[in-house]
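Below is one structure, written out as structure tokens; comments come after it.
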């Protein structure tokens, strides 16, 4: 989507500099760079800083930020806004993310591009409300009911919060689906340098527009174009099973079958275009031990790998940038020569189970709950214990 | 309101049309017509609903209450 | 012989008519009044967005009314409509949904939208029951009534939703019934042509899943009762709560001018854009 005049003005005034800021704030700035027109949210630790900064800055870029009465409403409002052609976003944490699930499902079913930021905190329930965790990895994947696919990215630095939220908007428009930025309290509250590039370096994909109302939800396309409201095209958007025209048909088996399989496969068949991982293979090769991590946990994990290598140990490292769809090919490739894969994550083992499904190596969770991230030493000791 | 109804009445020329296949036989038109222009008939439509019938079109003052109350868009009143 | 064509078929998705509402259901009458209102004030349906939730009355706009439509999750149509209106204030955004949607599961969105005074028209079709799911008690079901989930009797008082919306700060609030179709359509016209949050509670009938439990077998039975029980708001003012116990207060309950939400939001954005420009000019 081409940036409008107000956003270009904003970016040209703010861009081309390096700032020191929170991960949450970087996420908010990144959204403005991505051309976000509309933000709706509800206060929650540790995501409030996203809303606060957006509330401060988005109007300067010509956009609108509103606080809704709850997270259900926030999710609903960003979907409504998306159908007017807006790029829209909300930000929350675990409890709010749980409340959003029904409408995330609605967004998936209606193929509505929008971005949901989840700055994960310790749960279940209120848990340790102010403490970081990575307990929503599977909620991001399977939180809403019914068969579906989802895209979720996990940044591990403030800079990546800035960069990946923009990628989320691009993916949302490219695949016409809600996209989740799965941050965690650690990354959200980290304060680091963030480079905000010049206007000329900002690139945007345009949302595909359909020519006929009859094709807005299918037709010949795997990923159909949208038609926005107000064009006189009588677009019919429903969360019920529908034909390519948007008209409900909730009884014909093949209509549901074709719709759900198409929505599922538009992400599944594009897995290789979506998935990004970062690998740091042992320079000497011959590693039999690997470490896979993501988000904030990847930082001490990588530190521990470096430390182990400094002690002469051979260890491979892979960081998942894309959490969903799962990087099954990359992880399988990575695991080939490995006897054991350690998975440090701030939960009792969520991603490690997904990894287990695609590798022959032994997969060992290095869990951490309690609100304090892994220490380098803690992971290092586990590595040294298995090498 | 009555004044305008009488005015319409004076102008005369009402046409009541019933779209038979839209009717679901709720009989609201029969019951609530202020001038009792309709009556239940023994004629069934395709869906098996008994249709209303206009007994006395001249009685109609064209107030359109039946047209607006009808849940089915099955009554069309034309005031000339 | 070809059948006559109703002029209001221009405003509905004619290819799927007749609609699926039961014989004598009030939803059809509300659709009739709504299309009349749109026609009457000359609204361009290409510049309308109709939003609904889950339930029988949500089918009035979706799929029957021919405009851009958003058929949302249960209880959330007002929240979805908020997102639409904020980004496209030039479009007329109408929410038509039931009492379960608007006052039950989605009650919180209703009071906050009224408080914000966002320029939406919300037409709540109140049939006093959860009809689509088979006749369960609603927040609007009168006390004493037996429903499938209050098989002995309902012990809760019914929600007076329109009164709540007045208290929450809406610009325009009215209550009518499916018997009072002329004032209803005029009220819908007022609601859609004015700025601010407009709310009409439309008392409606469900002969199938409510009426047969309370001895009102047909749409006619309901309309007779609406006619008998209705009392104009000006007459009701001098009456006690006991006297009004079993009555339906109809008419315009409030009509006030208040700052509209999206207009105020846009002012903030315009101010901030200007401030940023000024900042740049100072630097230059």
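Computed quantities for the displayed model
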| item | result |
| --- | --- |
| Per-residue average of Cβ from other chains inside 10 Å of A:106-114 | 1 |
| Alpha-carbon spread of the stretch A:279-386, three principal axes, descending order, Å | 33, 32, 21 |
| For the protein assembly as shown, diffusion coefficient by Stokes-Einstein and Kirkwood Rh (Cα), 20 °C, 1.002 mPa s, µm²/s | 76 |
| Other protein chain Cβ atoms within 10 Å, averaged over every residue that makes up C:24-33 | 5 |
| Likely footprinting exposure, B:29, C:50, fewest C-beta neighbours within 10 Å first | B:29, C:50 |
| Cα gyration tensor, the stretch A:97-163 - rounded (a/c under 1.5), prolate or oblate | oblate |
| Exposure proxy order (Cβ contacts within 10 Å, fewest to most) of C:140, B:19, A:90 | B:19, C:140, A:90 |
| The stretch C:7-259: relative contact order in percent, alpha carbon pairs under 8 Å with at least 6 residues between | 18 |
| Cα pair distances of the stretch C:1-159 binned at 5 Å [whole percent] | 2, 9, 18, 20, 18, 14, 9, 6, 3, 1, 0 |
| Prolate/oblate/rounded call for the stretch A:276-328, Cα gyration tensor, a/c under 1.5 rounded | oblate |
| Protection proxy ranking, peptides A:244-252, A:298-306, C:214-222, average beta carbon neighbours within 10 Å, highest first | A:298-306, C:214-222, A:244-252 |
| The stretch C:76-139: relative contact order in percent, alpha carbon pairs under 8 Å with at least 6 residues between | 37 |
| GNM result for chain C, Cα springs below 10 Å: residue of C:265, C:184, C:91 fluctuating most strongly | C:265 |
| Highest-fluctuation residue, C:69, C:147, C:240 considered, GNM on chain C with Cα pairs under 10 Å | C:240 |
| For A:338, A:281, order by how many other beta-carbon atoms lie within 10 Å, fewest first | A:281, A:338 |
| Whether the stretch A:7-107 is rounded, prolate or oblate, judged on the alpha carbon gyration tensor where a/c under 1.5 counts as rounded | oblate |
| DSSP beta bridge pairing in the protein assembly as shown, given as percent antiparallel to the nearest 5 | 30 |
| Within a Gaussian network of chain C (alpha carbon springs, distance under 10 Å), most fluctuating of C:242, C:39, C:156 | C:242 |
| Counting DSSP beta bridges with both ends in chain C, the antiparallel % (nearest 5) | 20 |
| Per-residue average of Cβ from other chains inside 10 Å of C:4-11 | 4 |
| Between the stretch C:6-29 and the stretch C:204-224, the alpha-carbon center distance in angstrom | 20 |
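Rule-based calculations on the coordinates, nothing more; no lab input. What you see is a predicted model; the values in this text were computed from it and never measured. So basically every Cβ, Gly included, is an ideal-geometry build from the backbone, and we count neighbours across all protein chains shown.
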